[in-house]
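**Student:** Just dropping this structure here.
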Amino acid sequence: MKKHKTKLYLAGPMRGIKDYNFPTFMEMAKRLRSMGLQVWNPAERDIKADGFNPAKDKPRAMKEYMFYDLPAICKCDAVLVLPGWEKSQGACLEVHVARTLGMDVLDSKLQVIEPVVTVLQEADELIHGDRNASYGPPNQDFQRTADMWTGLLQYKLKDGERIRAQDVAWMMMLLKASRAQHSDKRDHYVDAAGYAGCGWRCIEGK
């Protein structure tokens, strides 16, 4: 945890746990404050502001709690999660908000928890993120590449010749050439050189 992180929001499971897990929230808040940290404890807010008794009262709708809790996250420096937070709909929402705002999410040892990104999430970010700015939208990027590949393939296949391993290298170099028409990035030239080297190794490999 960075030294300037001084105010923490506690997030964790409540529903379905005895006394709504309030004792765990209270114990963690006490420990953090003993370390000189400020803490926003939603369990304390529920008790002090609403008079909620976790031993006998029933909770309200999540929307009502989020009305107070989400703005509180914005006033904190990081979110600290309690064990089992992954199974809590509310805690997952709070973590999502924190990460969207660029805040750290910490475990009970004050270590940053890195988000787990699935292959599909990473692919979606590439498709809808910086990739469009780097190469242009797919209908333009792919069409330029298709036109270049068409010229190469028509030449290579006019007599029924099969695609060779080194031809793949040329096709990938044309892909980089196509993208260089949209933006002159160093990566395009490095990659093109790499494909050229691989193409020559294909020939030497024979």
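The values are calculated or read from the model by the stated rules, or taken from the named source; none is laboratory data. Predicted model only: the values in this text are computed from it and were never measured. FYI the Cβ positions are ideal-geometry reconstructions off the backbone, even for glycines, and counts take in every protein chain you see.
**Student:** So which residues in region 13-67 are hydroxyl-bearing (Ser, Thr, Tyr) and surrounded by fewer than 13 Cβ atoms within 10 Å (Cβ to Cβ)? Talk me through it step by step, then tell me what you get.
**Tutor:** Residues of region 13-67 hydroxyl-bearing (Ser, Thr, Tyr): 20, 24, 34, 65.
Once the filter is applied, which keeps residues that are hydroxyl-bearing (Ser, Thr, Tyr) and surrounded by fewer than 13 Cβ atoms within 10 Å (Cβ to Cβ), region 13-67 yields only 34.
**Student:** Quick one: in region 73-110, of everything that is under 15 Å from residue 37 (Cα atoms) and surrounded by fewer than 13 Cβ atoms within 10 Å (Cβ to Cβ), which residue is modelled with the lowest pLDDT?
**Tutor:** 109
**Student:** Let me ask you something else. Conditions: (1) touching a residue at least 40 places away in the same chain (Cβ under 8 Å); (2) basic (Lys, Arg); (3) within 12 Å of residue 90 (Cβ to Cβ). Residue 7 meets all but one. Number of the miss?
**Tutor:** (3)
**Student:** On to the next question. Considering region 146-189 alone, what residues qualify as being of a type in the set (Val, Ile, Thr), closer than 22 Å to residue 200 by Cβ and part of a helix (DSSP H, G or I)?
**Tutor:** 168
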